[in-house]
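The values are calculated or read from the model by the stated rules, or taken from the named source; none is laboratory data. Please read these numbers as outputs of a predicted model, since none were measured by experiment. A quick note on method: Cβ atoms are made from the backbone with ideal geometry, for glycine too, and the neighbour counts reach across all protein chains shown. SASA here: full protein model, heavy atoms, side chains in, ligands and nucleic acids out. Shrake-Rupley method; radii C 1.70, N 1.55, O 1.52, S 1.80 Å.
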Amino acid sequence: MKIYEFAAAPNCRRVRMYLAEKGIDITFTQVDIAKGENLTPDFRSMNATAKVPVLALEDGTHIAESVAIQRYFEELHPEPPLFGRDAREKALVEMWSRRADFNLMLPVGMCFQHVSGFFKDRMNVYPAFGEDAGKRAMQFMAILNDHLSDHEYLAGDYFSVADIGMVCSLDFGKVQNLRPDAEKHPHLIRWRGQLKQRPSFGA
């Protein structure tokens with residue numbers, strides 16, 4: 001097995017952090033999306049959407065999407081459980097994972113794509129749309145800060161893939177200077193500092 005990734009991409013980091021929490025060793029092959037290596041016919045034959053990461057199995061199967069890759073390994077290595085330990089927890093983890101994707105990862109990604117100029121050679125960019133997306137990401141940080149005022153992790157006192165996805169989304173915001181503020185978001189900063197102490201944080 002191997003994983004094709006672009007190390008700087010936030011969704012690739014999500015997979016690396018997850019595997020580090022599980023203690024799973026795997027080979028990584030870098031795909032330089034800045035140079036368009038993900039747009040080649042060879043890469044598209046593994047993932048038609050030309051996105052990273054992609055997990056290549058020994059039988060020739062290719063699994064794309066970071067959460068799908070996490071779930072594959074969760075089935076193989078259920079301990080420690082990172083998707084929830086009972087029905088209630090699993091639902092909360094799923095809820096916060098989706099909130100991370102829709103309210104932080106997506107708007108930050110749209111801000112990056114439409115404002116940074118990184119993709120201007122391969123897509124139409126609309127800076128005003130990107131700037132609005134960045135504002136929506138900052139608005140969600142306030143909601144997140146309120147939630148973390150009385151929760152250790154997103155799903156209460158339980159560290160999960162939701163925390164991994166959210167912190168990778170949060171840190172991705174730095175590329176467009178979308179950062180939590182010490183005065184406005186003290187609980188969000190506390191939560192990130194707590195995650196930073198985990199060995200998986202630097203994966």
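Can you tell me the order of 194-200, 58-64 when each peptide is scored by its average per-residue count of other Cβ atoms within 10 angstrom, highest first?
194-200, 58-64
Ignoring ligands, DNA and RNA, how do SER116, SER45, SER66 rank by accessible area with a 1.4 Å probe, largest first?
Details: SER116 50, SER45 90, SER66 10 Å².
My answer, sorted largest first, is SER45, SER116, SER66.
Considering only DSSP beta bridges whose two residues both sit in the chain, what percent are antiparallel, to the nearest 5?
65 percent
Label point 7 Å out from GLN30 along Cα-to-Cβ: which residues of the stretch 184-203 have amide N under 18 Å?
Only 202-203 pass the distance filter.
From the phi angles alone, apply the Karplus equation (6.51, -1.76, 1.60; θ = phi - 60°) to the stretch 142-148 and give each ³J(HN,Hα) in whole Hz, x where the residue is Gly or Pro.
For the stretch 142-148, the Karplus curve yields 5, 5, 4, 4, 4, 4, 7 Hz.
Amide H neighbours of TYR153 under 5 Å, at least 5 residues apart or on other chains, H built in the peptide plane: list them.
Residues meeting the criterion, in which the H sits 1.01 Å from N, are TYR158.
First check a/c for the stretch 99-152, with a ≥ b ≥ c the square roots of the eigenvalues of its C-alpha gyration tensor; if it is under 1.5, answer rounded, and if not, answer prolate when a/b is larger than b/c or oblate otherwise. Write out the running numbers ahead of the final one.
On the way: a/c = 4.11, a/b = 2.82, b/c = 1.46.
In terms of gyration-tensor shape, prolate.
Is the C-alpha gyration tensor of the stretch 4-66 telling us rounded, prolate or oblate? Criteria: a/c under 1.5 is rounded; beyond that, a/b larger than b/c is prolate, otherwise oblate.
Note, shape of the stretch 4-66 comes out oblate.
Give LYS120/LYS196; LYS90/LYS174; LYS90/LYS135; LYS2/LYS174; LYS174/LYS196; LYS120/LYS174 a once-over and call out the pairs whose C-alpha atoms are over 27 Å from each other. Write out the running numbers ahead of the final one.
Working: LYS120/LYS196 33 Å; LYS90/LYS174 29 Å; LYS90/LYS135 30 Å; LYS2/LYS174 29 Å; LYS174/LYS196 16 Å; LYS120/LYS174 20 Å.
Pairs exceeding 27 Å: LYS120/LYS196; LYS90/LYS174; LYS90/LYS135; LYS2/LYS174.
Roughly how many whole Å is it from the C-alpha centroid of the stretch 145-203 to that of the stretch 25-89?
Cα centres, the stretch 145-203 to the stretch 25-89: 23 Å.
For the stretch 51-64, in order, what is each residue's ³J(HN,Hα) by Karplus, 6.51 cos²θ - 1.76 cosθ + 1.60 with θ = phi - 60°, in whole Hz (x at glycine and Pro)?
10, 10, x, 9, 9, 9, 8, 5, 8, x, 6, 10, 10, 9
Which ³J(HN,Hα) values in Hz, rounded to whole numbers, follow from the phi angles of the stretch 117-129 under the Karplus curve 6.51 cos²θ - 1.76 cosθ + 1.60, where θ = phi - 60° and Gly and Pro get x?
Once rounded to whole Hz, the list reads x, 4, 10, 5, 7, 9, 7, 6, 10, 10, x, 5, 5.
Is the stretch 46-139 rounded, prolate or oblate when judged by the Cα gyration tensor, a ≥ b ≥ c being the square roots of its eigenvalues, rounded requiring a/c under 1.5 and prolate requiring a/b larger than b/c? Before the final figure, lay out each step's value.
On the way: a/c = 4.41, a/b = 1.43, b/c = 3.08.
In terms of gyration-tensor shape, oblate.
For labels at PHE118 and ASP150 in the simple 7 Å Cα→Cβ model, what's the distance in nm?
3.7 nm
Scan around PHE28 for amide H atoms under 5 Å from its own, H built in the peptide plane at 1.01 Å from N, and keep only partners 5 or more places away or cross-chain.
Sorted by chain and number, the residues that satisfy this are ILE3.
Starting from the Cα of LEU106, step 7 Å along the direction of its Cβ; do the same at ILE143; then give the gap between the two resulting points in nm.
Placing both labels 7 Å beyond Cα along the Cβ direction yields 1.1 nm.
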